[in-house]
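Student: Pasting a structure below so you can have a look.
Since every read-out is calculated from the coordinates, none of them should be taken as a lab result. If you're wondering where the values come from, they're calculated on a predicted model, not measured in any experiment. Note: ideal-geometry Cβ built from the backbone for every residue, glycine included; neighbour counts use all protein chains shown.
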Amino acid sequence: VLLTELRDLVGRQGLLTEAADCWVYGYDNSQRHAMPQAVVLAESHGQVLELVRLCNRHRIPLTPRGRGTGTAGGSVPIRSGLVLSLERMTGILEVDPANRLARVSAGITNQALQEAAGSVGFFWPPDPTSSAVCSIGGNLACNAAGPRAVKYGTPRDNVLGLRAVTGGGQDIRTGVRTTKGVVGYDLTRLLVGSEGTLAVITEAMLKLTPLADSKRTLRALYSDIGAAAEAVSAIMAQPVIPCALEFMDGAAIRMVRHHVDLRLPESTRAMLMIEVDGDAEFVDHAATRIAEAARVSGLLEISIATDADQVANLWKARKALSPALRTVAPVKINEDVVVPVSRIPELIGGLERLSQEFKLPIVNFGHAGNGNIHVNLMVNPDLPGQIEAAEACLDRVFDLVLELGGTLSGEHGIGLVKRDFVAREIDRATLELMRGIKREFDPLGILNPDKSLPAPIAD
Ligand SMILES: Cc1cc2nc3c(=O)[nH]c(=O)nc-3n(C[C@H](O)[C@H](O)[C@H](O)COP(=O)(O)OP(=O)(O)OC[C@H]3O[C@@H](n4cnc5c(N)ncnc54)[C@H](O)[C@@H]3O)c2cc1C
């Protein structure tokens, strides 16, 4: 009966039931996998609405999926049921430069949106590295971001309104198409970051920003992590906000040195990559202001690129990092924790101690301006006990982050993989309120079950 109803809804072309076809919709970049019963490739808001209502009638789990690049297992259908793929909903419904907004369907890639916005001189600030292959719906669901967040914010700061279908099958519109508005509760920002557990986002009204005409790139090298963190605080305390403020620790620099000739001073223990953008007449002055702020005790060298070759050269170490990491250990556990900027040295110091205690290389880099550090535990599963050591180490990493006043995830989300740690960060009363919100949006609990919020612990 279910399959017949689904076929009536989306046609044969919109329904996958063969195991081989369904298999690829069962995993994401977390490497977790679960088989769905079937995959529905919706093409319109109306189809999504009817599908959610149908799942409620049959009480069948429904897992929304953008492009499956998430790293937290959010789109893995762990209770089987149906996967709803938004990949065919790629419309650019409106680009309105006069009001600095674009309205798009949720399945469009980040890159396709950037191209449409770019053609009229604008961009949408969230810039995950995966932009060519991830969807706007996925970006909103995870509050995914990249280096530009330090100046331009995350999806929560760059979305005006949404069209969505709640887990209970209600057809809703949230937000406004203006840059100010305070009518009703802010359901837009509630849905952003909710990882597909409250509603399926079908359309988004996004805030656009004018493209800057010029950019300058700087690289600063430090003898210790404390100096680099002091520089980050100093940079963020003056009025020129960089559009990227990225960081690599000593372990990351050591790793890259084995693979590329970087010609960095031997004593380099931390590196900042900084970019400023803006009006062509202004960027040189802005770069000078940033360089002044970066000159703290412990600075070894600071360079400002003046042409494209120099820019590429300055970014060389950062770009070489991911390929270098792949050669060091077959498995990389990549966390995206956040701590207050001034506490980055304590985080890195604590991570060094954990690395020694658990005999696991830990390499750290990331978005220093936001205190969002990618902590990479390098695991060789062929070595006896390494997987168990990595799990125990990760547990302690999360405790360390929370002790420092931080948060478990800056941009990847909780999904499936970090669920068990959430109750360490969010108190019981607040979690209960969140569970109440989930019940209000999704009374039968069919939408992306067992994700994001931890199961209640019995008294
Ligand atoms: C190589 C690589 C680089 C990456 N770099 C970054 C980075 O720099 N920054 C960063 O933040 N992340 C990064 N990621 C992670 C990932 O790309 C982002 O989280 C992205 O936003 C996921 O989008 P997606 O379309 O693939 O979503 P999916 O993986 O399909 O889904 C992610 C979550 O969103 C939900 N979801 C998807 N679409 C909808 C919708 N329309 N309505 C409701 N819920 C929905 C799913 O249920 C799931 O919980 C990277 C991943 C890879 C593989």
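Student: In degrees from 0 to 90, rounded to the nearest 10, what is the angle of the helix 428-441 Cα long axis to the longest principal axis of the chain?
Tutor: 40
Student: If the cut-off is 15 Å between C-alpha atoms, which aspartates and glutamates fall inside it for LYS438, apart from same-chain ones fewer than 8 positions away?
Tutor: Counting by Cα, and skipping residues close in sequence, LYS438 has these aspartates and glutamates nearby: GLU195, ASP450.
Student: List TYR152, TYR27, TYR185, TYR222 from most exposed to least, where exposure is judged by having the fewest other Cβ atoms within 10 Å. Let's see the in-between values first.
Tutor: On the way: TYR152 21, TYR27 17, TYR185 8, TYR222 27.
So the ranking, lowest neighbour count to highest, is TYR185, TYR27, TYR152, TYR222.
Student: Mind sorting MET271, MET205 by how few other Cβ atoms lie within 10 Å of their own Cβ, fewest first? Walk me through the numbers before you get to the answer.
Tutor: Working: MET271 27, MET205 24.
Sorted ascending by nearby Cβ count, the order is MET205, MET271.
Student: Any idea what angle helix 225-236 forms with the longest principal axis of the chain, computed on alpha-carbon atoms, 0 to 90 degrees, nearest 10?
Tutor: Long axis of 225-236 versus the principal axis of the chain: about 70 degrees.
Student: Read phi for every residue in segment 304-312 and hand back ³J(HN,Hα) as whole Hz from Karplus 6.51 cos²θ - 1.76 cosθ + 1.60, θ = phi - 60°, with x for Gly and Pro.
Tutor: 10, 6, 10, 9, 4, 4, 5, 4, 4
Student: Let me ask something else about it. Using the Cα gyration tensor of segment 191-333, with a ≥ b ≥ c the square roots of its eigenvalues, what is the shape: rounded (a/c below 1.5), prolate (a/b larger than b/c) or oblate (neither)?
Tutor: Numbers: a/c = 1.81, a/b = 1.17, b/c = 1.55.
Since a/c reaches 1.5 but b/c is at least a/b, the shape of segment 191-333 is classed as oblate.
Student: Note the angle between two axes, namely the Cα long axis of helix 280-294 and the longest principal axis of the Cα atoms of the chain, as a number of degrees from 0 to 90, rounded to the nearest 10.
Tutor: 70
Student: Sticking with this one: Could you work out [θ]222 nm for the chain from helices alone, using -39500 (n - 2.57) per DSSP H run of at least four and dividing by all its residues? Round to the nearest 500 deg cm²/dmol. Walk me through the numbers before you get to the answer.
Tutor: Numbers: 15 runs with 160 residues, N = 459.
So the calculated ellipticity at 222 nm is -10500 deg cm²/dmol.
Student: Report the one residue of GLY73, VAL83, ILE426 whose Cα lies farthest in the direction of the positive end of the charge dipole of the chain (charges on C-beta: Lys and Arg +1, Asp and Glu -1; origin at the Cα centre).
Tutor: Result: VAL83, furthest along the dipole toward the positive end.
Student: Summarise the long-distance tail of P(r) for segment 323-459 by giving the % of C-alpha pairs beyond 22 Å. Walk me through the numbers before you get to the answer.
Tutor: Working: 4152 of 9316 pairs.
Summing the P(r) of segment 323-459 above 22 Å gives 45 percent of all pairs.
Student: Taking θ = phi - 60°, what integer Hz values does the Karplus form 6.51 cos²θ - 1.76 cosθ + 1.60 yield along segment 353-362, in sequence order, with x for Gly and Pro?
Tutor: 5, 5, 4, 5, 4, 9, 6, 10, x, 10
Student: Right, next: Taking every pair of alpha-carbon atoms in segment 4-75, give the share separated by more than 15 Å as a whole percent.
Tutor: Working: 1428 of 2556 pairs.
Beyond 15 Å sits 56 percent of the P(r) for segment 4-75.
Student: Could you list the trypsin sites (Lys or Arg not before Pro) in segment 253-284 that lie in coil according to DSSP, counting only those with at most 10 other Cβ atoms within 10 Å of their Cβ? Show your work: numbers first, answer last.
Tutor: On the way: sites: ARG254, ARG257, ARG263, ARG269; in loops: ARG263, ARG269.
Sites meeting the loop and neighbour criteria: ARG263.
Student: Specify the inter-centroid distance of segment 357-404 and segment 28-85, based on alpha-carbon positions, in whole Å.
Tutor: 31
Student: Ok, one more. When we measure straight from the Cα of LYS180, which lysines land under 21 angstrom away, once same-chain ones fewer than 8 places off are left out?
Tutor: Result set, ordered by chain and number: LYS151, LYS207.
Student: Further question on the same structure: Using the alpha carbon gyration tensor of the chain, what are the three equivalent-ellipsoid semi-axes (square root of 5 times each eigenvalue), largest first, in whole Å?
Tutor: Details: eigenvalues 293, 147, 79 Å².
Taking √(5λ) for each eigenvalue gives 38, 27, 20 Å, largest first.
Student: For LYS316, LYS359, LYS418, what's the fewest-to-most ordering of other Cβ within 10 Å of each Cβ?
Tutor: On the way: LYS316 16, LYS359 11, LYS418 22.
Ranking LYS316, LYS359, LYS418 by Cβ neighbours within 10 Å, fewest first, gives LYS359, LYS316, LYS418.
Student: Checking the cross-link filter: which lysines have an alpha carbon closer than 20 Å to that of LYS319, excluding same-chain neighbours under 8 positions apart?
Tutor: Partners within reach: LYS215, LYS332.
Student: Contour minus end-to-end for LEU383 and ASP8, with contour as 0.36 nm per residue of separation and end-to-end as the Cα-Cα distance?
Tutor: On the way: separation 375, 0.36 × 375 = 135.00 nm, distance 5.23 nm.
Between LEU383 and ASP8, full extension yields 129.8 nm more.
Student: Roughly what would the spin-label model give for LEU444 and GLN170, points 7 Å off Cα along C-beta, in nm?
Tutor: 1.7
Student: Please report, in cubic angstrom per residue, the volume enclosed by the convex hull of the alpha-carbon atoms of segment 1-123. Spell out each step's value before the answer.
Tutor: Working: hull volume 14.2 nm³, N = 123.
Cα convex hull per residue, to the nearest whole number: 115 Å³.
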